[in-house]
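Everything below concerns the one structure shown next.
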Amino acid sequence: MSKKLSHVLLIGVGLFSSTWVMAAVKEYDLTIAEQTVNITGKPLKRITVNGKFVAPLLEFEEGDDAVIRVHNKLKNQDSSIHWHGLILPGIMDGVPGFNQFDGIAPNKTYEYKFKVRQNGTYWYHSHSKGQEQDGLYGPLVIYPKNKVPLTAGEKADRDYVVLLSDFHNSTSGQIMSNLKKEADYYQNRRETVFDVFKQIKRDGLKATWQDRSMWNQMRMLKTDMSDVTNYTFLMNGKTPEQNWTGNFKAGEKVRLRFINASAMSFFDVRIPNLKMTVVSADGQPVKPVPVDEFRIGTAETYDVIVEPKQANYQIEAESIDRSGFSVGTLHDENTTPVKNIVMPKPRPRSLLTMEDMGMDHDMSSMNGMDHDMSSMKSESKDQSMSGMDHDMSSMKGMDHDMSSMKSDSKEQSMPGMDHDMSSMKGMDHDMSSMKSDSKEQSMPGMDHDMSSMKGMDHDMSSMKSDSKDQSMSGMNHDMSAMNTNTSETSDVVYGWANASTPVGQRALKYSDLQSLNPQQDTRAPEREIEIRLGGNMERYIWTINGKKFNQTEPFKVKYGERIRLKFINDSMMAHPMHLHGMFMQLENGQDPSNMPNKHTVIVPPGKTVTTLLTADELGEWAIHCHLLYHMSAGMMNKLIVANVDSNGTDMKDVVAQPKTNDKGVNQHAHH
Amino acid sequence: MRTTKKLYSKTLLSIALIGLSGVVFANDGSTENIDNSVSPTQSEGINILLKEPGGLGYVERNVYQKPSTDNDKGKTKASENLMLNQNHDKHLKEHGGQIFQSTKFENEWTVDEDGKGALGSKIETLIGTDENRLFIEANWDKTESNDPKYDVSALYSRNVAPFWDVQAGVRYSEDKNNSNSDRVDGVIGVLGLAPYFFETQAYLYGGENNFWGASFEVERDFLLTQKLITQPYLEMDAVFSDNSDYAAKSGLSELKTGIKTRYEITKRIRPFIDVAYQYEKGQKATSMQEATESEKGWKYGAGIELVF
């Protein structure tokens, strides 16, 4: 009897455990092939996954065993898939040349097998040449175990992926070779001689010369917001005309998982008349932040919760060079659908000069304003106050008096003052007592009296003080909702955010992000790795610490080591820097236990961003700019996390093999 | 005599070209790797691995699971490293080590003040990595009722500073109006972008018959619109010494300055008009030619530039 019982028990246990094991394995087959797709009205050969342009959504639950068989049906082309943001063994990371992964040869299959150890919104894409631009990218969502929401606030009735991407009529190979022929090949909004004449007329010859000579000596363009233009921006693979639509019922909560899967584009994302609550950044949960808009860098993800009330909303993601929108609709399914979207009006493009040099007075389209700057003066020695940039491009009916604004400075202080007032309306603006006295590369006595400003958006994001290492040591004033006096140097590192956000609206800032769960490791970093981002725009060469990937030595980190990654951007472009295999904690002014996890951080032009990293994943991890052509041009390196014996001799030989090897995870090629 | 001379110069030219191409690709990882894999030092392990189905790409994954005796452990290790390096280099190359090319072809018809026409063609190509490139330039000019003259240069171009390449190589030239005028000169110079966006090319030449000369070209783009671009330019040729039969006068032998205005229908197709002022010092008196007076005057041109 007892024997029988034990048998039953045994069978029961066996059955239970087998189903448990079975349930935990999630398998996918992905076939990469070249097919003709028609996105822009012109049939073009592009890469599809399982016959789809914009690869299919992969869904997992935390704790699953993922098995993904990738079949490469491309002709004469190796391929690969990288699981962007996932924590996994190095060989499963899918970067050719790393962790002995060598890509997937044509007509071969590679089986990716890994334990899903996290939840959130991620994506996947090719890491071979420019295949990502050509279509090999798709969303990957990992739900919490049993789809239980992490917090009550995250409980949503609908869940949509909103994947943003950029589609080009040229292939990635053509784009790269065009950029190599002429780096300004795609620059179709450069400044002309008439812009220079205008500036001379406005500022005088001397000021214009001073401004222009700096740019000319550096041989850089002010207008280089993005290297590649003529993109069609897609939302979940659909053009604005095709209008991707997410349905909801009145009263429902909707989770939108924004993924910037573009090759080269940053977006400013907004849903007019709908407040968004950011609950996750780069797949990692954050404390809720209500915003009206956010800027999403290439390869970043943000999850937002919305509670739509109207019948229709338009999701608008505008590229930061203002060349276009990715647009879709949120629609109440109980109302009649709106067929066509209304293409939103582009916001003004910001010139790089305002961000980084601050020498341009662009007041081109001011209407009916009384503007007196007659006695604005600048007493300076030694190149001080070289730049004061007032961009007031779309002010209407304002009374503006800056009559006694002055600035006394010595020795290169105050190199850039940037007042961007691009979208002010009907305001009374008195800066009469604005003063700036400063000595030796600091701005200790800057007194901004802006007490009489009302409801204005004042972005001083690129007011800066270059310290020794050219880093923005923290002079970023983002005063989007100001009623206060700002006189101190701000403590946020992140400051490049001139998105022309309308009055009274709130844009997400990096400093708003706080990890939902307290960080486990709050140790101070043992050492710092400096990562200087540079480039030669003329020849389209992009480098880390002055070297391209094919010339450089990898970064080496001890297993378990706590390090600081210091990204210093010496170039005029923003670089979304992505680290594989591990999350970095963004030093955004939050307490160490609250710092958000990020797999990609935007490093704005001329600025410094730092992150902390606990090197707790063995292997070789790519660290690179996620702008595809920057990476192709060389802006990439390898970060090796290895067990080191006390002698610490040759780290290359002691790189631990991923554990899955021992457990017999099949890494053979299938035929 | 003539044939030998011709042969001599042509041989020299071809040797130089071959040499140059060797230099350009010397740093090319793939070539090195091919050499490695066929070298007699390769281990047996690698031979086996090379023959495996699935090819080279998958080799290293099997390596770790391969049971090996103590004896060939060292060997396998060595081959393993070799394979890893090879694959690694291949992937590294895709991030900054690629080979690109840029070619510009220009065809221009000009008339001078007297209405005498001329046709000039020029092709310029740069091919290689960011650091090491081969630069080829060819010019072909024919004035009305004259025979053409042409030159071809092949230079190794080495990137030495962010905006600058140093170049060295040879130039072969011939003037069909003068028999036996073909010659080969050594060339050394720089190509790059000077501050204030001045595209600059400067060369020194030296060759047979104690010839020493220099050339200098500078141009800059001014955008009238995104597509209509005007380009002032300056070209100078100088001769320091020349004992050849068809020598030009020493000193500043030629100077041309003008404004070329192009319309970029696309980035690749660019018709242009050209107004220039040109000065030529004239020929030196030699056993084969009389001295000529210097000439100067306006030139009006129209043409097309193609980029591919």
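The values are calculated or read from the model by the stated rules, or taken from the named source; none is laboratory data. Nothing here was measured: the structure is a model prediction, and the numbers come from that model. Every residue, glycine among them, receives a Cβ derived from its backbone with ideal geometry; neighbour counts consider all protein chains shown.
Screening A:Ser319, A:Ser326, A:Ser280 for residues that are surrounded by 23 or more Cβ atoms within 10 Å (Cβ to Cβ), in contact with a Gly (Cβ under 7 Å, 6 or more places away or on another chain) and not assigned by the TED database to the domain that holds A:Leu627 leaves exactly one candidate, A:Ser280. Taken as a whole, the condition of being hydrophobic (A, V, I, L, M, F, W, C), touching a strand residue (DSSP E or B) at 6+ places or on another chain (Cβ under 6 Å), under 12 Å from A:Leu140 (Cβ atoms) and away from every other protein chain (no Cβ under 14 Å) applies to A:Ala55. Scanning segment A:251-273 for residues that are in a loop (DSSP other than H, G, I, E, B) and within 20 Å of A:His624 (Cβ to Cβ) gives A:Ala261, A:Ser262, A:Ala263, A:Met264, A:Ser265, A:Phe266. Identify the residue in segment B:231-272 that is under 21 Å from A:Phe194 (Cα atoms) and among the β-branched types (Val, Ile, Thr) and, among all such residues, is surrounded by the fewest Cβ atoms within 10 Å (Cβ to Cβ). For segment B:231-272, the residue satisfying everything is B:Ile265.
Criterion applied to A:Arg539, A:Arg564 was being over 22 Å from the mean Cα position of the chain (by Cα) and of a type in the set (D, E, K, R), and the one residue passing it is A:Arg539. Take B:Lys122 and decide whether it is within 13 Å of chain A (Cβ to nearest Cβ) and modelled with pLDDT of 95 or more. Criteria not met by B:Lys122. Within segment B:286-304, the presence of at least one residue that is under 18 Å from A:Glu182 (Cβ atoms) and either more than 14 Å from chain A (Cβ to nearest Cβ) or within 24 Å of the chain's Cα centre (by Cα) (or both) is confirmed. Residues in segment A:274-315 that are in a loop (DSSP other than H, G, I, E, B) and farther than 30 Å from A:Leu628 by Cα: A:Leu274, A:Lys275, A:Glu307, A:Pro308, A:Lys309, A:Gln310, A:Ala311.
Can you work out which of the residues in segment A:139-187 that are under 20 Å from A:Tyr540 (Cβ atoms), in a helix (DSSP H, G or I) and in contact (Cβ under 8 Å) with a residue 60 or more places away in the chain is nearest to the other protein chains (Cβ to nearest Cβ)? Within segment A:139-187, the match that is nearest to the other protein chains (Cβ to nearest Cβ) is A:Lys180. For segment B:150-168, give me each residue that is touching an Asp or Glu at 6+ places or on another chain (Cβ under 7 Å), crowded, with 18+ Cβ neighbours inside 10 Å and closer than 21 Å to B:Asp182 by Cβ. Selection gives B:Ser153 alone.
Checked against (1) more than 14 Å from every other protein chain (Cβ to nearest Cβ); (2) over 20 Å from the mean Cα position of the chain (by Cα), A:Tyr122 meets all criteria but (2). Within segment A:238-246, does at least one residue satisfy the condition of being touching a Pro at 6+ places or on another chain (Cβ under 6 Å) and more than 23 Å from A:Pro576 (Cα to Cα)? No, that holds for no residue. Would you confirm whether or not segment A:503-519 contains a residue that is within 13 Å of chain B (Cβ to nearest Cβ) and either modelled with pLDDT of 95 or more or surrounded by 21 or more Cβ atoms within 10 Å (Cβ to Cβ) (or both)? Among the residues of segment A:503-519, not one is within 13 Å of chain B (Cβ to nearest Cβ) and either modelled with pLDDT of 95 or more or surrounded by 21 or more Cβ atoms within 10 Å (Cβ to Cβ) (or both), which makes the answer no. Being of a type outside the set (Gly, Ala, Ser) and within 14 Å of another protein chain (Cβ to nearest Cβ) is the requirement here; does A:Lys238 meet it? No, not satisfied. When you scan segment A:563-574, do you find a residue that is part of a loop (DSSP other than H, G, I, E, B), closer than 30 Å to A:Arg322 by Cα, in contact with a helix residue (DSSP H, G or I) (Cβ under 6 Å, 6 or more places away or on another chain) and modelled with pLDDT under 95, even just one? Looking through segment A:563-574, at least one residue is part of a loop (DSSP other than H, G, I, E, B), closer than 30 Å to A:Arg322 by Cα, in contact with a helix residue (DSSP H, G or I) (Cβ under 6 Å, 6 or more places away or on another chain) and modelled with pLDDT under 95.
Here B:Leu228 meets the list (1) crowded, with 17+ Cβ neighbours inside 10 Å; (2) of a type outside the set (Val, Ile, Thr); (3) within 14 Å of chain A (Cβ to nearest Cβ) almost entirely, failing just condition (1). Reported count of residues in segment B:90-119, each being surrounded by fewer than 18 Cβ atoms within 10 Å (Cβ to Cβ), basic (Lys, Arg) and either at pLDDT 95 or above or under 30 Å from A:Gly103 (Cβ atoms) (or both), is 1. Taken over segment A:71-83, the criterion of being touching a Lys or Arg at 6+ places or on another chain (Cβ under 9 Å) and away from chain B (no Cβ under 13 Å) is satisfied by A:His71 alone.
With A:Gln77, A:Gln133, A:Gln118 as the choices, which residue is assigned to a loop (DSSP other than H, G, I, E, B), buried (at least 24 other Cβ atoms within 10 Å of the Cβ) and of a type outside the set (Lys, Arg)? When all the criteria are applied, what remains is A:Gln133.
Take the conditions within 14 Å of chain B (Cβ to nearest Cβ) and under 25 Å from A:Ala642 (Cα atoms) and apply them to A:Gln551. Does it pass? Criteria met by A:Gln551. A:Thr232: of a type outside the set (Gly, Ala, Ser), surrounded by fewer than 22 Cβ atoms within 10 Å (Cβ to Cβ) and in contact (Cβ under 8 Å) with a residue 60 or more places away in the chain, yes or no? Yes: the conditions hold for A:Thr232.
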